[in-house]
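As C-alpha cells, the structure follows; a few thoughts come after it.
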Amino acid sequence: MDTNKLLAYESRKANPTTIWLLFLFLGWSYGSLDKMGKQIFYYLTLGGLGFWALIRLFTLHGSIKEYNRGVAEQVGLNEEEMFTLNLI
C-alpha cells in the first residue's frame, strides 16, 4: 500500500466518532460530509420536525462510509486497498 496515498486518505477522511457525537449533540452531520446546503435546510426545518433526525439515525453510518470511499477514490486508492480499509 502506498504510504503517501494512505496518509492523504487518513488526513481527509471523516472520523465516524466525531460525526456521531456532533450529530447527537448538535444535529450536525451533513455539513461534515460536504453537504452544507442540506445542513442549513436541516436546521431551518428543525430536522424535518424530527422526521429527518429519525431517518438520519439509520443512514448516518452508510453516509460516512460513502464519503470516506469517495475520499479514497480521490487520493487514488485501488479496490484492494479500499477493501482492506473496509470501505467496500
Handout entry: aspartates and glutamates whose Cα lies under 17 Å from that of Lys13, excluding same-chain neighbours fewer than 8 positions away
Key = Asp2, Asp34, Glu66, Glu73, Glu79, Glu81
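Taking other Cβ within 10 Å of each residue's Cβ, how do Leu85, Leu54 sort, fewest first? Intermediate values should be presented prior to the final figure.
Values: Leu85 17, Leu54 10.
With the sparsest Cβ surroundings first, the list reads Leu54, Leu85.
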Problem - Angle between the chain longest axis and helix 16-26 axis [Cα atoms, degrees, rounded to 10] - result: 10
Problem - Inter-site label distance for Leu6 and Glu79 at 7 Å from Cα along Cβ, in nm - result: 2.2
Fill in the blank from the handout: Among Gly50, Pro16, His61, the residue whose Cα sits farthest towards the positive end of the charge dipole of the chain (+1 at Cβ of Lys and Arg, -1 at Cβ of Asp and Glu, taken about the Cα centre) is Gly50
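Jot down the per residue volume, in cubic angstrom and as a whole number, of the convex hull over the alpha-carbon atoms of the chain.
Numbers: hull volume 7.4 nm³, N = 88.
Hull volume normalised by residue count: 84 Å³.
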Fill in the blank from the handout: Taking a label point 7 Å from the Cα of Ala53 along Cα-to-Cβ, the residues of region 11-42 whose backbone nitrogen sits under 13 Å from it are 23-29, 42
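Rule-based calculations on the coordinates, nothing more; no lab input. From a predicted model like this one, the values you see are computed outputs, not experimental measurements. Cβ: placed from backbone, ideal geometry, glycine included. Neighbour counts: every protein chain shown.
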